Amino acid sequence: MILDCHVHINNYSDETKDATANTFEELQNTMRRNRIDAAMILTSYKVNPGRPSTKQVVRLTENLNHIYVVAGISYLNFHLDYLVELRDYLKDRTVRGLKLYPGYEPFYPNDEILHPVYELAEEFDVPVMIHTGDTYSPTGKIKYSHPIHVDDVAVDFPNVKFIICHLGNPWTRDTMEVVYKNENVYTDVSGLVLGNFTDRFEVFMRKQLQEMILYGVNPNHVLYGTDWPICTMETYLKFINELKLPLDDKKKIFWENGAKLFKLSRSDSQLNRGSMWDFLKT
Ligand SMILES: [Zn+2]
């Protein structure tokens, strides 16, 4: 079983064009082709024709039992009304997590304005995903997206589970410390490349991730995710599958850790292929 805990259906190439239906269909085809059982769609901090709102994505996914929504929250356009809307989605479990975008927007995760977000996450026991590391946009300010800032909120909100997205890349050592230190912090491996891994970068990154999992963090705290459509699902499956890790750890990373965090059950996956593990390498 494979859960991709980090995909988007934004039309990055032209934000003025509504491509929601197309990218959503392409997502489902790509999942089918790669035998991905379930996925979490993360909505953006911006809403425009190329970046559908949480409400739109909830509508798209409401009849599917293998694709769920993680609701993006804007710091710059933060309104408590939006949290009221999210409360309903959290209640009926169409939304399974919340996402913040420091770096893309200028704020630190511990900003007091956001405390109601963490309180909401605690109430419904859903994880808060936090963008960390590089921003694809040169206008992002990366001092805000350093993974060290997740430590602050993890300590202040010990009952909330946090996910450091993208391994904090390039600050993977710092991510290792924050995940190691805090029982309530996890990390996802998504978004390390645009398109496909190049051979050299793949070797470099694989070494870092392997060390992180073998010597630094609990493998129960690492989640599989891609950041599709920014990179291909094919390249990611290959990248993770070729890590030299015990098979049990890979199973946890590909499915179990994420399923636990987002409270998915096996029936939540449409494809349900018992033979999936044949594909795994040790
Ligand atoms: Zn992303």
Looking only at region 63-81, decide whether some residue is within 16 Å of the ligand (Cβ to nearest atom) and at positive phi. no
Spot the failing condition for residue 9; the list is (1) away from the ligand (no atom under 15 Å from the Cβ); (2) under 13 Å from residue 228 (Cβ atoms), and only one is missed. (1)
Restricting to region 119-148, count the residues that are buried (at least 23 other Cβ atoms within 10 Å of the Cβ) and either away from the ligand (no atom under 16 Å from the Cβ) or among the hydrophobic types (A, V, I, L, M, F, W, C) (or both). 4
With the structure loaded, tell me whether residue 54 is under 16 Å from the mean Cα position of the chain (by Cα), more than 17 Å from residue 225 (Cβ to Cβ) and polar (S, T, N, Q) or whether it fails that test. yes
Take residue 172 and tell me if it is surrounded by 15 or more Cβ atoms within 10 Å (Cβ to Cβ), among the polar types (S, T, N, Q) and within 16 Å of the ligand (Cβ to nearest atom). no
Any chance you could count how many residues in region 228-255 are more than 18 Å from residue 37 (Cα to Cα) and part of a loop (DSSP other than H, G, I, E, B)? 6
Taking the condition of being under 26 Å from residue 8 (Cα atoms) and either away from the ligand (no atom under 16 Å from the Cβ) or in a helix (DSSP H, G or I) (or both), how many residues in region 214-227 meet it? 4
Cβ-Cβ distance below 9 Å, separation of 6 or more or different chains: which pairs start in region 17-42 with a residue that is touching a residue at least 60 places away in the same chain (Cβ under 8 Å) and basic (Lys, Arg) and end on one that is outside any helix (DSSP H, G or I) and away from the ligand (no atom under 16 Å from the Cβ)? 32/271; 35/2; 35/271; 35/273
Of the conditions (1) part of a loop (DSSP other than H, G, I, E, B); (2) of a type in the set (S, T, N, Q); (3) exposed (fewer than 14 other Cβ atoms within 10 Å of the Cβ), residue 29 clears all except one; give me its number. (1)
Which condition number in (1) farther than 19 Å from residue 5 by Cβ; (2) away from the ligand (no atom under 15 Å from the Cβ) is the one that residue 161 fails? (1)
Yes or no: residue 46 closer than 21 Å to residue 262 by Cα, surrounded by fewer than 19 Cβ atoms within 10 Å (Cβ to Cβ) and not aromatic (Phe, Trp, Tyr)? no
Would you confirm whether any residue within region 87-95 is in contact with an Asp or Glu (Cβ under 8 Å, 6 or more places away or on another chain), at pLDDT below 95 and within 20 Å of residue 163 (Cβ to Cβ)? yes
Considering only residues that are within 16 Å of the ligand (Cβ to nearest atom) and surrounded by fewer than 24 Cβ atoms within 10 Å (Cβ to Cβ), which ones fall in region 187-198? 193, 194, 195
Determine, yes or no, whether residue 179 is of a type in the set (A, V, I, L, M), away from the ligand (no atom under 16 Å from the Cβ), crowded, with 20+ Cβ neighbours inside 10 Å and part of a loop (DSSP other than H, G, I, E, B). no
Here is a list of conditions, (1) away from the ligand (no atom under 14 Å from the Cβ); (2) assigned to a helix (DSSP H, G or I); (3) surrounded by 15 or more Cβ atoms within 10 Å (Cβ to Cβ), and residue 166 meets all of them except one; can you say which number that is? (1)
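The values are calculated or read from the model by the stated rules, or taken from the named source; none is laboratory data. What you see is a predicted model, and the numbers here were worked out from it, not measured in a lab. No Cβ is skipped: glycine too gets one built from the backbone with ideal geometry, and neighbour counts run over all protein chains shown.
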